[in-house]
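Please read the structure below before turning to the comments.
No lab work stands behind these numbers, since they all come straight from the coordinates. Everything numeric here is computed off the predicted structure, so don't read it as measured data. Virtual Cβ from ideal backbone geometry, glycine too; neighbours counted across all protein chains shown.
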Amino acid sequence: MVLVYENDPLETEDAGGHFYHVCQGRIDQTELSVPPPDKPYECPRCGIELETEDFWHAQLKGSV
Ligand SMILES: [Zn+2]
């Protein structure tokens, strides 16, 4: 698991949720925004690349 998506129950339904990177088994509390398709988010610690598609999958499934 490298990415989790959390819905915030306190927000209204159109506000959406939040993305967090799971770095080396621990959730990084820095919220991520969805990167543009040509510029994946690269984690400076573990070196993983998270692409736009990964974020959509996380949103659908809760985590990827
Ligand atoms: Zn990482």
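Quick one: which strands (runs of 3 or more DSSP E) lie wholly within the chain and hold at least 2 residues that are within 13 Å of the chain's Cα centre (by Cα), of a type outside the set (S, T, N, Q) and away from the ligand (no atom under 14 Å from the Cβ)? Can you show your working first?
Values: elements: 3-7, 17-23, 26-32.
Qualifying strands (runs of 3 or more DSSP E): 3-7, 17-23.
Could you please let me know if Pro37 is in contact with a Ser or Thr (Cβ under 7 Å, 6 or more places away or on another chain), surrounded by fewer than 11 Cβ atoms within 10 Å (Cβ to Cβ) and without any contact (Cβ under 8 Å) to a residue 40 or more places away in the chain? First the steps, then the outcome.
Details: in contact with a Ser or Thr (Cβ under 7 Å, 6 or more places away or on another chain): yes; surrounded by fewer than 11 Cβ atoms within 10 Å (Cβ to Cβ): yes; without any contact (Cβ under 8 Å) to a residue 40 or more places away in the chain: yes.
In short, yes.
Please indicate, with yes or no, whether at least one residue in the stretch 48-57 is in contact (Cβ under 8 Å) with a residue 12 or more places away in the chain, of a type in the set (S, T, N, Q), surrounded by 13 or more Cβ atoms within 10 Å (Cβ to Cβ) and in contact with a strand residue (DSSP E or B) (Cβ under 7 Å, 6 or more places away or on another chain).
No, every residue in the stretch 48-57 fails to be in contact (Cβ under 8 Å) with a residue 12 or more places away in the chain, of a type in the set (S, T, N, Q), surrounded by 13 or more Cβ atoms within 10 Å (Cβ to Cβ) and in contact with a strand residue (DSSP E or B) (Cβ under 7 Å, 6 or more places away or on another chain).
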